[in-house]
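K.L.:
Submitted below is the structure of interest, expressed as structure tokens.
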Amino acid sequence: MSAAQNKHPKRCDGHSVGVIITDPATLRVLIGDILDGRGWSGVGGHVLDEFSGYGEAARGEVRQETDLEVVSLAPLFRKPKRRRNPCKRGDGPFGVGHKWQLYRATVADVGALHCDEKSFRKLQWVSEAELQELADRTLLYVKGKITSDEWEREPGLTLSWVKWFVLAGMVKMGRWNLRKIEKAMLKDKSNRP
């Protein structure tokens, strides 16, 4: 990662959204390959940078990162959940981590998809079976069964997104294996400034 990629002009606000976009016609899920090589993730970002609340941020991040317009937006949690995931911007007002709201969304016209080059290398629609394969690859990486070079060539899900897809019921992962991934996420130096 270059020094230019590692500089963030904004401080962490401690509030984040994640959006799982599904296509009801094909039952596929939209994921993006993150620029810095950490793997595939859903759409997301900080809330208070440009938005007044979680729902507005979810719609805005989808529009910014994919050019798609949200038709339906359903929160996965009754209220935002605190998660100790490191932030590239450094610690926020709550220390390490964010208060997260995760959403399921559908969009108006999947054909209008356009990848924001500041967010992702590419976007891709995948089945839940393919999502599971990416999560399993992440676990193999955490267990040391995939090298960094192999990961760079063919990454799995980002360490932080495995749990979100598990909580959304789209990926199956045993509690101990998920715990290993979460521990690796906390130690991941690429997530820090």
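Coordinate-derived values only; no laboratory data. What you see is a predicted model; the values in this text were computed from it and never measured. Positions of Cβ are generated from backbone atoms using ideal geometry, with glycine treated the same way; all protein chains shown enter the neighbour counts.
K.L.:
Scattering from the C-alpha atoms of region 84-131 alone, worked out with Debye: what is log10 I(q)/I(0) at q = 0.17 1/Å?
P.N.:
The calculated log intensity ratios at q = 0.17 Å⁻¹ are -0.86.
K.L.:
I would also like to ask the following. Mean separation of Cα pairs under 8 Å and 6+ residues apart, divided by the residue count of the chain: what relative contact order is that in percent?
P.N.:
Contact order relative to length: 26 percent.
K.L.:
Ok, one more. Which cysteines does the chain leave without a neighbouring Cys Cβ under 4.7 Å?
P.N.:
C115
K.L.:
For region 98-193, state which GluC sites (Glu not before Pro) are in a DSSP loop and have at most 10 other beta carbons lying within 10 Å of their beta carbon.
P.N.:
Hits after loop and neighbour filter: E117.
K.L.:
If you add up the charges near D109, with Lys and Arg at +1 and Asp and Glu at -1, over every other residue whose beta carbon is less than 10 angstrom from its beta carbon, what do you get?
P.N.:
Once all neighbours under 10 Å are counted, the net charge is -2.
K.L.:
List, in the order given, every pair from K88/K122; K79/K187; K10/K183 whose Cα-Cα distance in the structure shown is over 24 Å.
P.N.:
Cα-Cα > 24 Å for K79/K187; K10/K183; rest within.
K.L.:
For region 3-191, what size does the Cα cloud have along each of its three principal axes, sorted from largest down, in whole Å?
P.N.:
The principal-axis extents, from largest down, are 41, 40, 35 Å.
K.L.:
In nanometres, what is the gap between the two model label sites at E50 and R179, each 7 Å from Cα along Cα-to-Cβ?
P.N.:
Roughly 4.0 nm, to one decimal.
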